[in-house]
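Down below is the structure, laid out as structure tokens.
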Amino acid sequence: MALAAVPLILAGCGDLGGSSVSTSSNNSKSGGTQLTGQSTDSDYEGVIESGHYRVSKSRGVTNSQDSDNTYNLKSFENGMLNVSKKVFSTKKYVFQEGQYLSSDTVQNWLDRKSKSNSTGLNPASNGSKSPNKRNPIYIQALEEQDYMTQKNNKLSLGGVTIGIAVNSIDYYKKTQYGSTYQTKISKAEGEAYAKKAANTVLQRLRKKSALKNVPIVIAVYRQASNDSLVGGNFLAYSTNKAGKTSVSSWTPLDVKNYTFPLQSGQSSPNSNDSSAFSNFKSEVEDFFPNLSGVTAQAQYDGKSLSGMHVNITTQFYSQTEIISFTQYLQTTAQKYLPSGVPIDITVSSTDGIQSFLSRSKNAKKFSSHVFNSY
């Protein structure tokens, strides 16, 4: 099974002027450990060791598909952080990239089970290449996140979160340069497979001395299809107390992502949000006709909107036009887009990002920044 390297994207590690945790008598580059500091109370601090950010030991490992959706990669990692916050408070725990599962270990676990790889979590090949008969690749990615506690200026492992990402569609080729085929995996089938694999993963983790007596959270994520304009979503998570070797219960999650404007036949949990975006889109397109598109990613927790990312693609390049357009967006977004949720707006062209606007959950007005050049 070929494996692809992907970039790790972490949200929530801010000001590098954060407090020192355990430093040497000289500075952090001589072997001490520091924290990144927090940009907000809702974000985790990260770990800096010897002057460098401590990266994951299995960074970038995922099963190779014909064409991966980068939205999946981002929503998987950010979603893991959100699940972890339900168990490991940002006030008490520090985030550290996974240090206990190596790249080789994760690669072997993501591969098919075979005579040469008894640890494979994906089913053994049955020799078939037919979409309806082939054993699909269920598990696409597996990631570890560590959560540290601080005592007497030292960090120690306080808990671990493991994310298991399962495919909604298994993409594959019958020959190296041939056509791409698809095997659809239902939500129920993928979730059941991941939950069964979670028991195996938990048992293997407990065999590591450092992980025997810490809480381990396991979360199941369902990937979106490769052509989706939003990432997938987490289905459930389980909190396993120190020493526990089997998963006894799961907490369901009802987080779903949508793209605005909605496709024909689609509906969102709250029709008012969709209508609000449509009105915003119409106003913006009337103001400047030279727009290639106005779209948004919206995330819901149950029926409640939890956030929105708006993307506007332009065809104009005048700096004064960009400034005027950004000013107009500030008032128009305030008037039409839903209130009480975080919203950001990115204005870009083929030359890159032209301006950016954002409003936090509790703010009343949008802040903005136009990217200029000297």
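The values are calculated or read from the model by the stated rules, or taken from the named source; none is laboratory data. In this text, all values refer to a predicted model and were calculated from it rather than measured experimentally. So basically every Cβ, Gly included, is an ideal-geometry build from the backbone, and we count neighbours across all protein chains shown. Ligands, DNA and RNA are excluded from the accessible area calculation, which covers all protein heavy atoms including side chains. Shrake-Rupley method; radii C 1.70, N 1.55, O 1.52, S 1.80 Å.
Quick notes on this structure:
- Condition broken by residue 333, with the remaining ones in (1) small (Gly, Ala, Ser); (2) at pLDDT below 95; (3) open to solvent by less than 60 Å² (accessible area, probe 1.4 Å) satisfied: (2)
- Residue in the stretch 152-173 that is in a helix (DSSP H, G or I), modelled with pLDDT of 95 or more, small (Gly, Ala, Ser) and at negative phi present: no
A quick yes/no check of all residues on (1) open to solvent by 40 Å² or more (accessible area, probe 1.4 Å); (2) hydroxyl-bearing (Ser, Thr, Tyr):
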position	(1), (2)
252	yes, no
267	yes, yes
273	no, no
277	no, no
292	yes, yes
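- Of the residues making up the stretch 198-227, just one is part of a strand (DSSP E or B) and of a type in the set (Ser, Thr, Tyr), namely 221.
- Residue within the stretch 350-370 that is part of a loop (DSSP other than H, G, I, E, B), modelled with pLDDT of 95 or more and surrounded by 15 or more Cβ atoms within 10 Å (Cβ to Cβ) present: yes
- Given (1) open to solvent by less than 40 Å² (accessible area, probe 1.4 Å); (2) at pLDDT 85 or above, number of the condition residue 70 does not satisfy: (1)
- Residue within the stretch 301-317 that is acidic (Asp, Glu), part of a helix (DSSP H, G or I) and open to solvent by 20 Å² or more (accessible area, probe 1.4 Å) present: no
- If you go through the stretch 117-142 and keep only what is assigned to a loop (DSSP other than H, G, I, E, B) and of a type in the set (Val, Ile, Thr), you end up with 119, 137.
- Considering (1) touching a residue at least 40 places away in the same chain (Cβ under 8 Å); (2) touching a strand residue (DSSP E or B) at 6+ places or on another chain (Cβ under 9 Å); (3) among the acidic types (Asp, Glu), the lone condition that residue 321 does not fulfil carries the number (1).
- Being over 26 Å from residue 188 (Cβ atoms), among the polar types (S, T, N, Q) and open to solvent by 30 Å² or more (accessible area, probe 1.4 Å) holds for only one residue in 125, 116, 130, and it is 116.
- Condition check for residue 172: free of Cβ contacts under 8 Å to residues at least 40 places away in the same chain, of a type outside the set (A, V, I, L, M, F, W, C) and open to solvent by 10 Å² or more (accessible area, probe 1.4 Å): no
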